[in-house]
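Notes to accompany the following structure.
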Amino acid sequence: DGYHAGSLMLDHAPQQDCDDPQAFKKGMEKLVRDARFGDTGQFNLKSLHIGDVLFQVTALVREHHVKADPTFTALVMSIAVLEGLGRQLDPELDLFSVAMPMVLALPLFKHEKRYGTGAAQG
C-alpha cells in the first residue's frame, strides 16, 4: 500500500518540512501501483526494476521536501547495486518469496503486528 508507505515515511522522518503531505502520500500510492508487478506481472529482477522505483521515490521525497531518514538514501544506493548484481546472476529470482520473511522480521513490522496498526497484520 503506497499511501501507507508514504504515511510511514512522513511519520518516521527525523524532521518534517513536507509542503503537501497528502500529495506526497498520493504520489507514493501511484508509484507503488504503477510498479507493483513490473512489465509482466511478476516480482522478479527481469521484469521489476526496483532501483528505478526507489529513485522515483527519492525524486518524490525531494519534490515534496520530505526529510527522509538518512539511512534511506544509503539503502536506495545499496539496493540499486544489489539489483544490478542480482539481475546478472538470476533474473528470474522471485524477490518477494525471498525477501518477505526478512521484511516481516523487522522491528517496525513486529511493533505493528503487536499493536494492530499496520498492513503487516495479514
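The values are calculated or read from the model by the stated rules, or taken from the named source; none is laboratory data. Everything numeric in this text was worked out from a predicted model, so none of it was measured. No Cβ is skipped: glycine too gets one built from the backbone with ideal geometry, and neighbour counts run over all protein chains shown. Side chains included, ligands, DNA and RNA excluded: accessible areas come from the protein's heavy atoms. Shrake-Rupley method; radii C 1.70, N 1.55, O 1.52, S 1.80 Å.
Protein chains only, probe 1.4 Å: how do Leu104, Leu89, Leu54 rank by accessible area, largest first?
Leu89, Leu104, Leu54
Where does each of Lys30, Lys25 land when they are ordered by accessible area, with a 1.4 Å probe and the largest first?
I get Lys30, Lys25, largest accessible area first.
Given points 7 Å out from each Cα along the Cα-Cβ axis, report the Leu75 to Val98 separation in nanometres with one decimal.
Reported label-point gap for Leu75 and Val98 is 1.9 nm.
Please compute the net charge surrounding Phe55, taking Lys and Arg as +1 and Asp and Glu as -1 over other residues with Cβ under 14 Å from its Cβ.
After counting each charged neighbour, the total is -3.
For Ser97, tell me the accessible area in Å² from a 1.4 Å probe, rounded to the nearest 10.
80
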